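Trainee: This structure is in structure tokens; I'll ask about it shortly.
The values are calculated or read from the model by the stated rules, or taken from the named source; none is laboratory data. Here the structure is a predicted model, which means the values were calculated and not measured. Counting neighbours? That spans all protein chains shown, and the Cβs are built from the backbone with ideal geometry, glycine included.
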Amino acid sequence: MADSRRFKAPAGKHPVVVLFDNDNGAKAILETAKKVKYGKTDPYIHVAGNLYLVPTPLLSGQQQSMIEDFFDPSTLAATVDGKTFNPSDDKDSVTEFGKNVFAHKVVKANADTISFVGFTPILDNIVAAIRAHAQKPTSAATP
């Protein structure tokens, strides 16, 4: 990121919003924002110009969160070929399936019937980032 300081460009008219899980896997993403002050519960992180990072909100009493936490219990309990969902990297491939299968064979396959009401906190944070960007002067340069 230090090398990017020598380049100047007009700020983008529209924000670029990157949504990510607020867990240990986010370390690489957060490295890009290490010079920006932010808190683990901030709704978004303004990195520079029109770039905003939006972590999944922390749920009550939790230190980490992932997007799957916002699905309703019946969606999380779905089975695929007799296997149950396990979002961790340490899963038993004989009895459990991971995030990729969940995304394609549960969420995509049942998108018309899944309740996405639990995603309101995520969407609220995305809207907050979009609104913050809309309030920025359009002539600002991107470092």
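Residue by residue, here is whether (1) of a type outside the set (S, T, N, Q); (2) surrounded by 15 or more Cβ atoms within 10 Å (Cβ to Cβ); (3) free of Cβ contacts under 8 Å to residues at least 40 places away in the same chain; (4) touching a Gly at 6+ places or on another chain (Cβ under 6 Å) holds:
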{"site": "Ser74", "(1), (2), (3), (4)": "no, no, yes, no"}
{"site": "Asp81", "(1), (2), (3), (4)": "yes, no, yes, no"}
{"site": "Gly98", "(1), (2), (3), (4)": "yes, yes, yes, no"}
{"site": "Asn110", "(1), (2), (3), (4)": "no, no, yes, no"}
{"site": "Ile122", "(1), (2), (3), (4)": "yes, yes, no, no"}
{"site": "Asn125", "(1), (2), (3), (4)": "no, yes, no, no"}
{"site": "His133", "(1), (2), (3), (4)": "yes, yes, no, no"}
{"site": "Lys136", "(1), (2), (3), (4)": "yes, no, no, no"}
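Trainee: In the set Gly49, Gly118, Gly98, which member is within 20 Å of the chain's Cα centre (by Cα) and at pLDDT below 95? It would help to see each step written out before you state the result.
Mentor: On the way: Gly118 fails: at pLDDT below 95; Gly98 fails: at pLDDT below 95.
Testing whether each residue is within 20 Å of the chain's Cα centre (by Cα) and at pLDDT below 95 leaves just Gly49.
Trainee: Taking region 91-111 as the region of interest, how many residues are part of a loop (DSSP other than H, G, I, E, B), of a type in the set (A, V, I, L, M, F, W, C) and within 23 Å of Pro55 (Cα to Cα)?
Mentor: Here the count works out to 1.
Trainee: Report yes if some residue within region 42-57 is without any contact (Cβ under 8 Å) to a residue 24 or more places away in the chain and in contact with a Leu (Cβ under 7 Å, 6 or more places away or on another chain); otherwise report no.
Mentor: yes
Trainee: Given the criteria surrounded by fewer than 18 Cβ atoms within 10 Å (Cβ to Cβ) and either β-branched (Val, Ile, Thr) or in a loop (DSSP other than H, G, I, E, B) (or both), does Pro57 qualify?
Mentor: Spelling it out, it is not the case that Pro57 is surrounded by fewer than 18 Cβ atoms within 10 Å (Cβ to Cβ) and either β-branched (Val, Ile, Thr) or in a loop (DSSP other than H, G, I, E, B) (or both).
Trainee: Could you go through region 62-84 and let me know if any residue there is of a type outside the set (Phe, Trp, Tyr) and at positive phi.
Mentor: Checked against the condition, which is being of a type outside the set (Phe, Trp, Tyr) and at positive phi, region 62-84 yields at least one hit.
Here is a yes/no grid of residues against (1) in a helix (DSSP H, G or I); (2) closer than 27 Å to His14 by Cα; (3) in contact with a Pro (Cβ under 6 Å, 6 or more places away or on another chain); (4) at pLDDT 95 or above:
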residue	(1), (2), (3), (4)
Lys27	yes, yes, no, no
Thr41	no, yes, no, no
Asp69	yes, no, no, yes
Thr113	no, no, no, yes
Arg131	yes, yes, no, yes
Ser139	no, yes, no, no
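Trainee: Within region 31-41, count every residue that is under 14 Å from the mean Cα position of the chain (by Cα) and buried (at least 16 other Cβ atoms within 10 Å of the Cβ).
Mentor: Final tally of qualifying residues: 0.
Trainee: A further question follows. Can you say whether Asp81 is in contact with a strand residue (DSSP E or B) (Cβ under 9 Å, 6 or more places away or on another chain), over 26 Å from Asp112 (Cβ atoms) and charged (D, E, K, R), as far as the supplied structure shows?
Mentor: No; evaluated as a whole, the condition is false for this residue.
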